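Novice: Here it is, the structure in full.
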Amino acid sequence: MANDSGFMERNYFLLRRLHSLTGILPIGVFLIAHLTTNSSLAWGGLALRGKHSELNTLEGGQAYFYHEVEWINSNVPHLLLIEITLWLSIAFHSVLGVYYARTGKNNTQRYAYQDNKRYKWQRISGYVGVLFIFYHVATLRWQWTFLVPGGAEWNHHFSVSTLAAALRGSYDSITFAGFVVSLFYFVGITLLVFHFANGLWTAAITWGLTVSEQAQKRWGMVCTALGAGLMLAAWSALGAAVMTDPVEARALEEKLIVEAHGEQHLLEAKEKYPGPAPTVGEEDIADK
Amino acid sequence: MEQKRVIVVGGGLAGLAAAIRIAEQDIPVDLFSMVPVKRSHSVCAQGGINAANDIAKQQGYSEYQHFDETIYGGDYLADQAPVLEMANFGPKIIDLLDRMGVPFNRTSEGYRQLRLFGGSLFKRTHFSGASTGQQLLYALDEQTRRYESEGKVTKYEFWEFLAPIIKDGKAVGIVAQDMRTMQTRSFKGDAVVMATGGCGLVFGKSTNSVICTGAAAARCYRHGVWYGNPEMIQVHPTAIPGADKCRLMSESARGEGGRVWVPKKAGDTRPGREIPEGERWYFLEERYPDYGNLVPRDIASREIFDVCVNDKMGVFGENQVYLDLTHKDREYLDNRLGAILEIYQKFVGEDPRENPMRIFPAVHYSMGGIWTTYTKGNYDPSQPHGMHNPGETPPIGTEMGLGMQLGAPNNMMTNIEGLYAFGEVNFAYHGATRLGANALLSCIFDGLYNGLSVANYVKNNGGIDAEQSLYDDAVKHEEDYSKSLIDTGSADATPETNPYTIANELGVEMTEASTVVKTGERLEKAEEKLAGLRDRFSRVRLGDAASWTNQSLSFTRATGDMLILAEAIIKGGIVRKESRGSHYRLDYPDRDDDNFMKTTVAKFEGNATRIDLHEIDTRLVKPRPRTYGKTDSKASEKKQETAAAS
Amino acid sequence: MSNTATTPATNSATAKQGRTVRFRILRCDGPGKPSYWSEFDVQPELNANVISCLKQIAEKPVMVDGKEVTPVVWDSGCLEEVCGACTMVINGKVRQSCTCLIDDYAPRDGDTITLEPMSKFPVVRDLWVDRERLFHNLKRVKAWVPIDNTYSLGPGPKESPESQQTHYKLSECMSCGCCLEACPQFTIEEDESKWNNAFIGAHAISQARLFNNHETGKQLKGERLDELAGPGGVADCGNAQNCVKVCPKEIPLTESIGAMGRATTIHKIASFFSGKK
């Protein structure tokens, strides 16, 4: 009966299911990997297995994270292709998601059931999530530094210090703009983790994996546990990044580069990525 | 020549079954209903639908016995031949509904489950939880929707039937009004089937839906259509009294083992569940050892009325008795009776699985209705058959055409050619009392079996020979009447002329005068009251002059029609100076076959009701006293025979 | 039986007889006309429900300010919660008005009850809405068993009692529209030509499940699933799950949605590889 004249109508089912699928693969899977890596800023110090025994836990995390990022950027094959696939998936998921979300109308005021609130937040988190992901990728990946307070440019050789500087708004201390950016990160990652966990729950109904109320309840617990874990990872990653002093982190990164690749490599990297304008003397840093 | 069409008014079981059957004969159907057909009053039927079945038959039951029970239950007031045809056709209806997907309750092996019902000692009632009518209606609604989407049926929902259009004693169409836009228009039809249900609202609070005013039947009646046995109104023994209506507690509650009792001590203040077994008076079981709680409805109602009103033994000193299911297993109850137990819980706020239900009789069904005729079938015994005992070989088989002639064009046709009455609005099958679970059967039987008659009539008929002006005049007449009502406005409105007040007073009066116990004196008083109400109605003030969705207009118009129907009900009751089935006259407590084994036929002539008595065809079964083995009755010798059978 | 929104805690024991209850009613004279609030005071009868109070108002339609107005228009039928007609929004939530007992909703003198028409269907007048779309959606999923004819052809298929109980539950749906009114994804659509592509709602999805499970009803399974896989089909469901919470018949609507999700997935994958439409 349905009128199937247009492209959207003819491929309605395919588009709907692709929308659902892309949310899980690649986006959701990437999200898990991404948050796991980033949260190593917080827990990596405990996983160094004796290496860098001179570092405290926070510094250890930074070292671990540094190695992870270095590994990804130098060892993962076709990285750009993977990235482009991811970006296209996100764009596809976002555009259709916004289109679909606009067909509904929230009514949690009248029907304040928990499921209904999650329906509403799934859509809000989608909208905010799109903005956040765009900002996040544009600033830290595409180096649209004009959007970054303080203008820090993220670089994988100095992944910890540039990240911290971008979040804090400067290399020195947390600025007001930096605070706003950090807050935006907090909101963005929180909503996205929710969006993923809740989306995973609804996807199981959409695809028909969970039919009975009991199954939906059980799968709900699994999704809640996953969401809680990812939320912990996301918050700890953000917390650790914001608490990181970019200047100290830079020093650590330089030390690690030298250890791994020698002085020459560091000089080349420094030339390309000069880092923060020194506010204290080079010697002071060296002393530390 | 224009394509021949059939108009069906009413979208309950009878109307839908008729629409489907007629459309199946490649005759387009225009289906009219005041409500979306899925919301018709048939949804309220709860208990089940009767038909002989393999299990009961192997225990000595038969289609013939079903016929015999129905005639006996109806106290020999029904023409016998159509009832025979219906009983014989019953099993086919069940099979068909089964094919349509009705979720009948099942045995563990997957066959259709059966339950006991009033007026029978055999399990012959098929059911779907405790909302059988709903399930049956939905099945027919679905089939109708299918035909609608194939263009064979055109629905006019929220259209109100205003009048039949009759030319030279032949129905050629109807006038109807869209209840939303208020547009009034005529529709041509080569035949018109009235399937408009009962008239419970004449009695104010009944178990009926708000649409069951009987107005459509009254509108036919005003146009010269005869109305049979108007005084035969069934009062259902078990209902929950409410502020807006009385809600039915299905007979199936008793069929599944429910027991009716009152405390032996009048005015006992203890909650029912705390009263020990020895202090309970199971008056139905005591008085009717064979049938117990499953005596027919009129008898149960009278006994409850007697216990409460005469003996003042009602629970908590009020007019109510216990209907007790608390001895049954919860899961069993939910499976078999869930729907009605929920109704009780929602409206009374008590769990009927824990506490005995408090119930009282309420107006439920009209055995009377539009008078119809038929062509008799092949079965013509030399003399009427005596009582049929279980296990005896039935005198005849079950093939079609024994009772009525299959497809005869006049089957269930009114005194107006081409105008038919199906379902509750048809007076034909239930005599003076309808047995539980026979209503759904008669509705669907009418639609399917006699739907064929309608199709045959239309096919053999030469088509409509009526000028357009006839239709235009009919529309004009109705428009003028509507306008005259709307124009009354609300100026100088008083309760005296308020349509809602008039209707309320009508209901109270009718319930008091003409339900469980009647007397000539009281009926005559009611006749005077009705005259007063009619007078007030002539000065009615509407209170809503809107030309869009004017519900007050619809209600007021129906009130006028209910007054006319009420007059027929009262007059029929006055004329029938005997007691028979649901019609119990304190001043004439015995059945009088010599004078009153006849149909009271109300005819509207010169703006007034006249009652004629018409002979009944009783050539199939010999009347016998209808006692249901009551302990103090003279016929208690019969008791042993029936007891032996069970 | 679990408790739902339709079985409120009973206050009948504490409700005071002879009290006055105020009704705030959202009225509308007809399509395209503005909506406005009217207030009436009613002294409810014993065991009163919203219907009996509306009847009292109809008999004496005088507002709180003494102004006489036209009687309030509303839709009703069986008054036993099996026909679905009297559905409206009471105190902000959709439900049948016949089972809405005044003792539960307004036990104290001066308590207010608000009545609004359902918002997902066009208003006809006052509290009466036009739910034709609901029945149209049943046509979309061919919610019927395609029997050959109405002649006697023997019994239907045998069925286990467990399966019958499942079917009976689904078949109790009275097309009242509560599930659609509460659904954030089902929105009002007055343009009939758009009905076929707008979200079909839990009601029809559940009916599709009912008939897909029937031995003979299965014959149309493919057509039903094609419809449910298309625009406005089951994939539009946003899983807010309000439907199942407001359903007066406690029909497992979300399970039906899950079941039809699964069926459409399998159906589409199967037809992708089998090359059929």
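Novice: Return the residues of region A:195-221 that are surrounded by 18 or more Cβ atoms within 10 Å (Cβ to Cβ) and either on the phi > 0 side of the Ramachandran plot or away from chain C (no Cβ under 14 Å) (or both); say none if nothing qualifies.
Specialist: Selection gives A:Phe196, A:Gly208.
Novice: In region B:563-603, what residues are part of a helix (DSSP H, G or I), out of contact with any Gly (no Cβ under 6 Å at 6 or more places or on another chain) and aliphatic (A, V, I, L, M)? It would help to see each step written out before you state the result.
Specialist: Step one: filter region B:563-603 for residues part of a helix (DSSP H, G or I), giving B:563-575, B:593-596.
Now drop any that are not out of contact with any Gly (no Cβ under 6 Å at 6 or more places or on another chain), which leaves B:563-564, B:566-575, B:593-596.
Matches in region B:563-603: B:Leu563, B:Ile564, B:Ala566, B:Ala568, B:Ile569, B:Ile570, B:Ile574, B:Val575.
Novice: Still on this structure, please answer the following. Going through B:Gly224, B:Gly258, B:Gly317, B:Gly292 one at a time, which residue ends up being buried (at least 22 other Cβ atoms within 10 Å of the Cβ) and small (Gly, Ala, Ser)?
Specialist: It is B:Gly258.
Novice: Take the residues of region C:26-36 that are away from chain B (no Cβ under 14 Å) and in contact (Cβ under 8 Å) with a residue 40 or more places away in the chain: which is surrounded by the most Cβ atoms within 10 Å (Cβ to Cβ)?
Specialist: C:Leu26
Novice: Six or more apart or on different chains, Cβ atoms under 7 Å: show the pairs whose first residue is in region A:22-37 and farther than 10 Å from A:Phe196 by Cα and whose second is of a type in the set (Gly, Ala, Ser) and buried (at least 21 other Cβ atoms within 10 Å of the Cβ).
Specialist: A:Leu35/A:Ala233; A:Leu35/A:Ala234; A:Leu35/A:Ala237; A:Thr36/A:Ala233
Novice: Still on this structure, I have one more. Give me a count of the residues in region B:408-420 that are outside any loop (DSSP other than H, G, I, E, B) and either of a type in the set (D, E, K, R) or out of contact with any helix residue (DSSP H, G or I) (no Cβ under 8 Å at 6 or more places or on another chain) (or both).
Specialist: Going through region B:408-420 one residue at a time, the tally reaches 1.
Novice: Something else about it: Regarding region B:466-483, can at least one residue be identified that is closer than 18 Å to B:Asn50 by Cβ and acidic (Asp, Glu)?
Specialist: So far as region B:466-483 goes, no, none of its residues is closer than 18 Å to B:Asn50 by Cβ and acidic (Asp, Glu).
Novice: Looking for whichever is touching a strand residue (DSSP E or B) at 6+ places or on another chain (Cβ under 7 Å), hydroxyl-bearing (Ser, Thr, Tyr) and either under 16 Å from B:Ile93 (Cα atoms) or away from chain C (no Cβ under 13 Å) (or both) here; the options are B:Thr132, B:Thr144. Which one fits?
Specialist: Being touching a strand residue (DSSP E or B) at 6+ places or on another chain (Cβ under 7 Å), hydroxyl-bearing (Ser, Thr, Tyr) and either under 16 Å from B:Ile93 (Cα atoms) or away from chain C (no Cβ under 13 Å) (or both) holds for just one of B:Thr132, B:Thr144, which is B:Thr132.
Novice: Could you list all residues from region B:604-615 that are in contact with an Asp or Glu (Cβ under 6 Å, 6 or more places away or on another chain) and either part of a loop (DSSP other than H, G, I, E, B) or without any contact (Cβ under 8 Å) to a residue 40 or more places away in the chain (or both)?
Specialist: none
Novice: Also, I was wondering about something else. Look through C:Ile205, C:Ile266, C:Ile251, C:Ile257 and report the one residue that is more than 10 Å from chain A (Cβ to nearest Cβ), in a helix (DSSP H, G or I) and within 29 Å of B:Val102 (Cβ to Cβ).
Specialist: C:Ile205
Novice: Hey, another quick one. Let me confirm something: among B:Glu399, B:Glu392, B:Glu354, which residue is assigned to a loop (DSSP other than H, G, I, E, B), surrounded by fewer than 21 Cβ atoms within 10 Å (Cβ to Cβ) and outside the structural domain of B:Gly197 (by TED's automatic domain parsing)?
Specialist: Residue meeting the stated conditions: B:Glu354.
Novice: Looking only at region C:128-150, count every residue that is more than 23 Å from C:Ser76 (Cβ to Cβ), facing chain B (nearest Cβ under 8 Å) and either among the polar types (S, T, N, Q) or assigned to a loop (DSSP other than H, G, I, E, B) (or both) and tell me the total.
Specialist: Here the count works out to 8.
Novice: Over 25 Å from A:Phe179 (Cβ atoms), part of a helix (DSSP H, G or I) and among the charged types (D, E, K, R) - does that describe any residue in region A:90-113?
Specialist: no
Novice: So, one more: For region C:107-114, state whether one or more residues are in contact with a Ser or Thr (Cβ under 6 Å, 6 or more places away or on another chain), closer than 30 Å to B:Ile240 by Cα, assigned by TED's automatic domain parsing to the domain that holds C:Asp41 and without any contact (Cβ under 8 Å) to a residue 24 or more places away in the chain.
Specialist: no
Novice: Quick check on B:Gly349: is it farther than 30 Å from B:Met232 by Cα and in contact (Cβ under 8 Å) with a residue 60 or more places away in the chain?
Specialist: It is false that B:Gly349 is farther than 30 Å from B:Met232 by Cα and in contact (Cβ under 8 Å) with a residue 60 or more places away in the chain.
Novice: Go through (1) facing chain B (nearest Cβ under 10 Å); (2) under 28 Å from B:Glu342 (Cα atoms) and name the single condition C:Arg125 misses.
Specialist: (2)
Novice: On to the next question. Is there any pair with a first residue in region C:37-61 that is in the same structural domain as C:Ile90 (by TED's automatic domain parsing) and more than 15 Å from C:Gly110 (Cα to Cα) and a second that is acidic (Asp, Glu) and part of a loop (DSSP other than H, G, I, E, B) whose Cβ atoms are under 7 Å apart and which are 6 or more apart or on different chains, and what are they?
Specialist: Hits for this filter: C:Asn49/B:Asp244; C:Ile51/B:Asp244; C:Ser52/B:Asp244; C:Ser52/C:Glu45; C:Lys55/B:Asp244.
Novice: Check region C:214-226 and report whether any residue there is polar (S, T, N, Q), touching a residue at least 24 places away in the same chain (Cβ under 8 Å) and crowded, with 24+ Cβ neighbours inside 10 Å.
Specialist: So far as region C:214-226 goes, no, none of its residues is polar (S, T, N, Q), touching a residue at least 24 places away in the same chain (Cβ under 8 Å) and crowded, with 24+ Cβ neighbours inside 10 Å.
Novice: Also: Are there any pairs with C-beta distances below 9 angstrom linking a residue in region B:294-308 that is in the same structural domain as B:Arg259 (by TED's automatic domain parsing) and assigned to a loop (DSSP other than H, G, I, E, B) to a residue that is of a type in the set (Val, Ile, Thr) and at pLDDT 95 or above, with the two at least 6 apart or on different chains, and if so which?
Specialist: Cβ pairs passing all conditions: B:Pro296/B:Thr433.
Novice: May I pose another question? Is it the case that region B:615-622 has a residue that's crowded, with 19+ Cβ neighbours inside 10 Å, farther than 21 Å from B:Leu506 by Cα and at pLDDT below 95? First the steps, then the outcome.
Specialist: Step one: list which residues in region B:615-622 are crowded, with 19+ Cβ neighbours inside 10 Å, which gives B:620-621.
Adding the requirement that they be farther than 21 Å from B:Leu506 by Cα leaves B:620-621.
Cutting the leftovers down to at pLDDT below 95 gives us none.
No, region B:615-622 contains no residue that is crowded, with 19+ Cβ neighbours inside 10 Å, farther than 21 Å from B:Leu506 by Cα and at pLDDT below 95.
Novice: Being in contact with a strand residue (DSSP E or B) (Cβ under 8 Å, 6 or more places away or on another chain) and not aromatic (Phe, Trp, Tyr): is that true of B:Ala437 here?
Specialist: yes
Novice: Something else: Can you tell me which residue is surrounded by the most Cβ atoms within 10 Å (Cβ to Cβ) among those in region C:227-248 that are aliphatic (A, V, I, L, M) and at the interface with another protein chain (Cβ under 7 Å from one of its Cβ atoms)?
Specialist: Among residues in region C:227-248 that are aliphatic (A, V, I, L, M) and at the interface with another protein chain (Cβ under 7 Å from one of its Cβ atoms), the one surrounded by the most Cβ atoms within 10 Å (Cβ to Cβ) is C:Ala240.
Novice: Any idea how many residues of region C:151-168 are more than 7 Å from chain B (Cβ to nearest Cβ), outside any loop (DSSP other than H, G, I, E, B) and within 20 Å of C:Lys221 (Cα to Cα)?
Specialist: Residues in region C:151-168 being more than 7 Å from chain B (Cβ to nearest Cβ), outside any loop (DSSP other than H, G, I, E, B) and within 20 Å of C:Lys221 (Cα to Cα): 2 in total.
Novice: Turning to a different aspect of this structure: Sort out which residues of region C:43-99 are outside any loop (DSSP other than H, G, I, E, B) and more than 28 Å from C:Pro184 (Cβ to Cβ), and write them in order of number.
Specialist: C:Asn49, C:Ile51, C:Ser52, C:Cys53, C:Leu54, C:Lys55, C:Gln56, C:Ile57, C:Ala58, C:Glu59, C:Val62, C:Glu68
Novice: Another one. Run down C:Lys55, C:Lys67 and say which single residue is of a type in the set (D, E, K, R) and more than 7 Å from chain B (Cβ to nearest Cβ).
Specialist: Within the list C:Lys55, C:Lys67, the selection yields C:Lys67.
Novice: Scan region B:138-154 for residues that are acidic (Asp, Glu) and over 18 Å from B:Ala14 (Cβ atoms) and report the count.
Specialist: Of the residues in that region, 1 qualify.
Novice: Among B:Ala52, B:Ala78, which is the only one that is over 19 Å from the mean Cα position of the chain (by Cα) and either more than 30 Å from B:Asp592 (Cβ to Cβ) or in contact (Cβ under 8 Å) with a residue 24 or more places away in the chain (or both)?
Specialist: Only one candidate passes the filter, namely B:Ala52.
The values are calculated or read from the model by the stated rules, or taken from the named source; none is laboratory data. Quick caveat, the model's predicted, so the values are computed rather than measured. Neighbour counts run over all protein chains shown; Cβ positions are idealised from the backbone, glycine included.
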